[in-house]
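Engineer: Dumping the structure here so I can ask a few things about it.
The values are calculated or read from the model by the stated rules, or taken from the named source; none is laboratory data. This is a predicted model, so every value here is computed, not measured. Cβ placement follows ideal geometry from the backbone for every residue including glycine, while neighbour counts extend to all protein chains displayed. These accessible areas exclude ligands, DNA and RNA; they are computed on the full protein's heavy atoms, side chains included. Shrake-Rupley method; radii C 1.70, N 1.55, O 1.52, S 1.80 Å.
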Amino acid sequence: MAALTRMLTGGAAILLLLAFYARWKTLAVTTFDGDEYAFALVARDILQGKLPYTGIFDNKPVGLNYLFALAQALGGQTVAAIHALGLVSAALAAAVIYFSTRRLQMSRAVALGLAALFATETLHLGGWASMSELVALPFLCLANYLTLEQPLRWQSILARGVAISFGFVAALALAWLPQLLSGDLQHYLAEQAQYHGAYRSPFPPLWLWRSNFIEPLSFLSLPTVVACVLYGIAHRRLRFGRAFWLLSLQLIGAVLANCASNRLYIHYLILALPAAALLPAAMLRTVPLNNSRWLALAVLACAAFHQISLLRALPDYLVRPSLEADAARLIESRTLPNSAIMVFNAQHTIYYLSHRPAATRFVFQNHYLSTCDGAPAIKSALQVLQLGLAEKHHC
């Protein structure tokens, strides 16, 4: 049994290292997702002394832009600096998953296995890019760690509720402090409300529900299903503790949030990973050690299944030509450094890689013109350009 435990622990460690090897090898790959470059453009504005979204407009949480600004301040305006932020975020989150699992009294093999599955699934769900869901993971995982094994008394519940509420309000106030001091907050909130009012898509087709929702959720649930079976064998009944129900509520919330916009982007499910990773450990903390080995084996099998497909795709990512990078080099060679440009395809990436200012604040024209996945246009092309030029003139 000791030899099997060592083998499972070693296999989990290898799978975990392979997941981060894939991230390290793709630090300079430009073509994963344009959203990360929207963050990067807003971060570039911040480093130039502008308030978030008074320059380039976006709809993502304001606070995360400061993390992207920090990444660029340390690593320069490069692809590697942006992707390094995603690598660090995934590594921190996986570490917290490991320590949370150990806090739930599971073996090192299970803890490393769940961390490896978590790190692999961040990639399988489209998290190669440093998108908002990925960068937010360490904070969500840390919140889970802090709430595990806390005494369930009304005083502690009240104190925790006050602390969480205070922390949430303090975080919002800190992130929005520049807008509050400058008087820009009302304008910021009005633009966000207008954007989100037009962002929601029509009800998605059934094939999209299957490929981007049902199938990935079914795979994420496999370790929990195995844990249910092992728990039933050990106890002959299903009676779970508080940690299980807290994580279940979080998982339900993440799944509902995934459906809210009707877009069903698969990377939205990344926010379900912290709860999905810890649920099996929360269920099996009281079962015999032999059963936890079965859980480790099931978790490693799931991680290895997706790891194989990810590593097979890795060489293609590394040699794939980048139209965005080629276009950026062409723009740099044909324009002066301060020349404003306007791009109508692969917008975020080209603006960022070319190191050129945008002629408009609205660099993602798909969300403002009639090409936005069926969503109604809220601005015409002329309005997009005029508003951008007017804003530059005002500044």
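Engineer: If you plug each phi of the range 55-61 into the Karplus form 6.51 cos²θ - 1.76 cosθ + 1.60 with θ = phi - 60°, what whole-Hz ³J(HN,Hα) values come out, in order, with x for Gly and Pro?
Structural biologist: In residue order, the calculated couplings are x, 5, 8, 8, 10, 7, x Hz.
Engineer: Compute, for Tyr265, the solvent-accessible surface of its heavy atoms (probe 1.4 Å) with the complete set of protein chains present, and express it in square angstrom to the nearest 10.
Structural biologist: 70
Engineer: For the range 1-74, what class follows from the C-alpha gyration tensor (a ≥ b ≥ c being the square roots of its eigenvalues): rounded when a/c is under 1.5, otherwise prolate if a/b is larger than b/c, else oblate?
Structural biologist: Values: a/c = 3.76, a/b = 3.09, b/c = 1.22.
Cα axes put the range 1-74 in the prolate bin.
Engineer: From the phi angles alone, apply the Karplus equation (6.51, -1.76, 1.60; θ = phi - 60°) to the range 114-123 and give each ³J(HN,Hα) in whole Hz, x where the residue is Gly or Pro.
Structural biologist: Calculated HN-Hα couplings, in order: 5, 5, 5, 4, 4, 5, 5, 5, 4, 7 Hz.
Engineer: Follow-up question, since we're still on this one. Listed highest first by mean packing, meaning other Cβ atoms within 10 Å per residue, what order do 44-51, 61-68, 116-123, 141-148 come in?
Structural biologist: On the way: 44-51: 16.1, 61-68: 19.8, 116-123: 26.5, 141-148: 18.0.
For the peptides 44-51, 61-68, 116-123, 141-148, the packing ranking is 116-123, 61-68, 141-148, 44-51.
Engineer: Now for a separate question. Using alpha-carbon positions, what is the distance between the centroids of the range 68-129 and the range 307-363, in Å?
Structural biologist: The range 68-129 and the range 307-363 have Cα centres spaced 25 Å from each other.
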